[in-house]
1. Which number comes out as Rg/Rh for segment 162-298 once both Rg and the Kirkwood Rh are worked out on C-alpha atoms?
2. 7 Å from Cα along Cα→Cβ at both A208 and E317: what's the point-to-point distance in nm?
3. By a straight-distance test (C-alpha under 19 Å), which lysines pair with K157 as possible cross-link partners, with residues fewer than eight away in the same chain excluded?
4. Using a 10 angstrom cutoff on alpha carbons, build the Gaussian network for the chain and name the most mobile of N73, N299, N209.
5. Applying a 10 Å radius around every beta-carbon, put 263-276, 211-224, 313-326 in order of their mean neighbour count, most first.
6. Rounded to two decimal places and with Rh computed the Kirkwood way over Cα pairs, what is Rg over Rh for segment 69-116?
7. Please give the FRET efficiency for K180 paired with K237, using the beta carbon to beta carbon distance and R0 = 35 Å, rounded to the nearest 0.05.
8. What does the charge add up to near V142, with Lys and Arg as +1, Asp and Glu as -1, over the other residues with Cβ less than 9 Å from its Cβ?
Amino acid sequence: MKKLLAMFLALTMTMSLAACGGTASVQSTETPAANVEEAATPAATPTKADDGKLVVGFAQIGQESGWRDAETNDIQWYAARNTDTLQLEFADAQQKQENQIKAIRNFIEMGVDVIAFPPVVETGWEAVLTECKEAGIPVILVDRGVDASCEDLYDCKIASDFIWEGEQAAKVMGDLLGGKGKIVELEGTVGASAATDRKTGFDDYMAANYPDVEILASQTGDFTRTLGKEVMESFLKTYGAEINGVYCHNDDMALGAIEAIKEAGFKPGEDIKIIGVDGVKGAFEAMVAGEMNCTVECNPCLANQIFETAAKLKAGESVEKWVVSIDGVYTSDQAADVIDSRTY
Ligand code: GYE
């Protein structure tokens, strides 16, 4: 009996640490976490139970980064803890906009109360968002935005300020280089607001405040560790020791760049300064190891705000158009002190 109780407690503990709010790291930046269910877009349109629950359709982008897995974990864990009042329909679009659109149309057909999704790119949403509006289903954008032409076609955006994030990265890079040097830039997914705005914030700040820091090259690594490494390898082949720093639009690409830099015989964090964005555990581990210099946090733990906003929209209450996440900036001198408190 004691053994059974111990096993139950262990299982409960494990599950209770599975989300952003827990204290354990829930996924490595090496591979998507095992506990991220790959919920394909529902094959048949499930019916909406008429039990008064809040029914939310979430069309996730995919599993491209540790940050994305942390966001998925947080959402699914919140739903698992609130099954008495919330029904979550979750679809994984495998990085494809057409799959997100398909999932959203499924949710419309099902008659969910609210639709929430991170638009993988900023354009191409007018038609499906108009269908949501015509169906009377409120829409919450999560962690990314859409272009201005669709401003009236969604009810709320819950996301960080990516321009601010880019500016913070530029401040730290300029300081690290003493105001002079040559850098390369690893961009996120082409057309994604998180990439576009992190580039704008960084490049504009650099040009205005550090004119002697030259950006030698800038290319997309699609927010993935694998492509981040490949692009950094090509930068190193072209520019080699000329490179004094690399700005990566997310930590997963920074971790890929670190691998490439070491394989090319340079010391990451010393010969080449490295700045990422997201604040995932892998970045703190790299900073503790002296191989990375800074990560600008981008909070993926948005489930509370998503479902609280969805409940307000279902009740016909007004909500803010943009709920901005509060993010921090962490440099290598702080990493050892904070790493154990990181929740994703
Ligand atoms: O920075 C990256 C993910 O949209 C803010 O998407 C999100 C970004 C995040 O792939 O790791």
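1. Reported Rg/Rh (Cα atoms, Kirkwood Rh): 0.92.
2. That separation, rounded to one decimal, is 3.7 nm.
3. Cross-link targets: K133, K312, K314, K321.
4. N209
5. In descending order of packing, they fall as 263-276, 211-224, 313-326.
6. 0.99
7. Details: r = 24 Å, r/R0 = 0.69.
Here the calculated transfer efficiency is 0.90.
8. Surrounding charge for V142 is 0.
The values are calculated or read from the model by the stated rules, or taken from the named source; none is laboratory data. Every value quoted in this text rests on a predicted model; they were computed, and no experiment measured them. Glycine also receives a Cβ, built like all others from the backbone with ideal geometry; neighbour counts cover every protein chain displayed. Heads up: the accessible areas ignore ligands, DNA and RNA and are worked out on the full protein's heavy atoms, side chains in. Shrake-Rupley method; radii C 1.70, N 1.55, O 1.52, S 1.80 Å.
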